[in-house]
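Accompanying notes for the structure given below.
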Amino acid sequence: MKPFKLLTPESLTQALAMFWGSEGKAAALGGGTELLNLIRTSLSDPGVIIDLKSLKRLRGVRSSRSGVAIGATTQLSELSPQCRPLQPFAALTQAAAAVGTPQIRNRATLGGNLCQRPRCLYLRSGFDCWKSGGTQCPARHGESSGLAILGAERTSCLAVHPSDPAVALSVFDTRVKLVSASGSRLVPLAQFLAPHESDAGRDTVLRSDELVTEVRIASPRPGTRSAYVKVADRAAFSFALASAAAACVMDRGMLRHVRLALGGVAGAPWRARVAEEALQGRKLTPARLESAARAELAAARHLERNGYKVDLAIGALQEAVERAVGGRL
Amino acid sequence: MARRAATRSAKSPAARHVTQIELELNGRVTRASVPDHWTLLEFLRKSAGLTGAKEGCNAGECGACTVLLDGVAVYACCVLAAETSGRRVMTIEGLGTPERLDPLQEAFLADDALQCGFCIPGQILAAKALLDAEPSPDRECVRRALSGNLCRCGCYVKIATAVLRAAAARREPER
């Protein structure tokens, strides 16, 4: 690994000053399960690494009047169903448990999970591509089996977003708190994960002098049930080929306040608004659920090797709704 | 133990950023001076002379370097050595002695739960983390707890059997 200097700030103020002083050359260290690999493969070359784990304010789950706040360096293993404030957010605890392996979840942080780089083989193998600062996509006409099937016509990079928790967080009102020496801002998750297309090399709107300090989730409506379903080629280690999260309220057999999201199929978690619309305020039946899921995927466009994702996403979406409401229809 | 205090010298580029660490390594207080960019795995193998934790993928994708950090299973290739000051690290060398093996080591031998053995230190430490937290796991629980440890010889069934045997032995050491 290329040498770097490790800094351990004693306060958030000190950490922000370190970032400010590094002129964009510093990287934030959470669990290290992503950053160290990026450095090893030369995808990142920070002269300075700032370890945020010593900052107690950035760790842990806190309840507030409006919902919960999860510190950015909270480990994924801490986002368990036993964590009381997270009990209204079953999809999130299920998604956190679906990440990587026990050893990864014991280290990886929620903030770091949201800031991951895509897992596209071409990016990770050092090819010249949009995400590495180039102006082409070698995957498009190559090994396309992992690529996006939704929204791809609008983006130059076709890699999918790798995070499981981000998909679950998309069915709740989630905002990401970004702090710099000059102030802070709360950015809705979808916006956080949608840098401008002219900035194709980036994965988030995080500026180089900013830190992710917290993820805030608004309390869902009373009675909200949610679930996360991940389809992957292995139960451990693997990223989702397709995944789905669902949150809804069941009211006398009718679905209310339905929110659905898909993972593994687009450059960011994909809000399944077509399917939401088809289910909203209606009685949940297997036929209606299937047709809603199919309608969502009607917009899918696939390349040579990723067409299988269409059926996986349709199935995952149905299963997520079924699990959220409590079992097979 | 003292938190880390960084010191710097300007000799060679690689030695430029060095951190003094003091950790409890296999029960013994250990002091060392480590380059900031060294992983815990590099420190264990190159500096501490402990080669039980193996370098498989060096990317958090195989589990061969699993060690316990404050009792929790982690990949030593994904932890910086400089982060371990003031903490407890246990490698396979810290478990049992050649004369008196740990129940997990006894069980892996009894069930012949290995072929080449490369992944076994990691498997055993992942199993120890499980049994310390859950003394009576079922097979599914064992499978899940060891899902972050690949075995290219495919000994998974016997490994799970050995962990269940060790769990029983730990509960009733006299039998």
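The values are calculated or read from the model by the stated rules, or taken from the named source; none is laboratory data. All figures in this text were calculated on a predicted structure; none of them were measured in a lab. Glycine gets a Cβ as well: all are built from the backbone with ideal geometry, and neighbour counts include every protein chain shown. Side chains included, ligands, DNA and RNA excluded: accessible areas come from the protein's heavy atoms. Shrake-Rupley method; radii C 1.70, N 1.55, O 1.52, S 1.80 Å.
What the table shows:
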| read-out | value |
| --- | --- |
| HN-Hα J in Hz across the stretch A:70-81 - Karplus 6.51, -1.76, 1.60, θ = phi - 60°, x for Gly and Pro | 10, x, 4, 9, 5, 6, 4, 5, 7, 8, 9, x |
| Heavy-atom surface of the protein assembly as shown, accessible at 1.4 Å and reported per residue (Å²) | 45 |
| Sequence-separation-based contact order of chain A, relative, with Cα cut under 8 Å and 6+ spacing, percent | 17 |
| Full-extension gain in nm, residue A:136 to residue A:40, via 0.36 nm per residue minus C-alpha separation | 32.2 nm |
| Over the stretch A:15-147: Kirkwood hydrodynamic radius from C-alpha pairwise inverse distances, Å | 16.7 |
| Contact surface B-A: accessible area buried, both sides summed, square angstrom, 1.4 angstrom probe | 2300 |
| Selection of trypsin sites (Lys or Arg not before Pro), the stretch B:65-133, meeting DSSP coil and at most 12 other Cβ within 10 Å | B:100 |
| Accessible area (Å², 1.4 Å probe, nearest 10) - residue A:182 | 100 |
| Nonlocal amide H pairs with residue A:214, under 5 Å, H built at 1.01 Å | A:72, A:177 |
| Calculated from backbone phi, Karplus (6.51, -1.76, 1.60) coupling profile of the stretch A:304-312 in Hz, x at Gly/Pro | 5, 10, 10, x, 4, 5, 4, 5, 4 |
| In Hz, Karplus ³J(HN,Hα) per residue of the stretch B:89-100 (6.51, -1.76, 1.60; θ = phi - 60°; x = Gly, Pro) | 10, 10, 10, 4, 5, x, 10, x, 9, x, 7, 9 |
| Restricting the stretch A:182-276 to trypsin sites (Lys or Arg not before Pro) in coil, as DSSP defines it, with at most 10 other Cβ within 10 Å | A:234, A:252 |
| Accessible heavy-atom area order of A:283, A:177, A:56, highest first, probe of 1.4 Å | A:56, A:283, A:177 |
| Residue B:18 long-range amide H proximity, modeled H, under 5 Å | B:7, B:9, B:36 |
| Chain B - percent of accessible surface contributed by carbon and sulfur, probe 1.4 Å | 50 |
| Alpha-carbon centroid distance for the pair the stretch A:156-170 / the stretch B:101-170, whole angstrom | 34 |
| Inter-probe distance in nm under a simple model that places probes 7 Å from Cα toward Cβ, at residue A:10 and residue A:121 | 5.0 |
| Spacing of the two label points (7 Å from each Cα toward its C-beta) at residue A:301 and residue A:23, in nm | 4.3 |
| Stokes-Einstein translational diffusion, the stretch B:5-91 - Kirkwood Rh over all Cα pairs, 1.002 mPa s, 20 °C, in µm²/s | 165 |
| Exposed GluC sites (Glu not before Pro) absent: longest stretch of chain A, with sites in DSSP loops and at most 12 other Cβ within 10 Å deemed exposed | A:24-303 |
| Acute angle (nearest 10 degrees) that the helix A:286-297 long axis makes with the longest principal axis of chain A, alpha-carbon atoms | 40 |
| Tail beyond 34 Å, pair distance distribution of chain A (Cα, percent) | 21 |
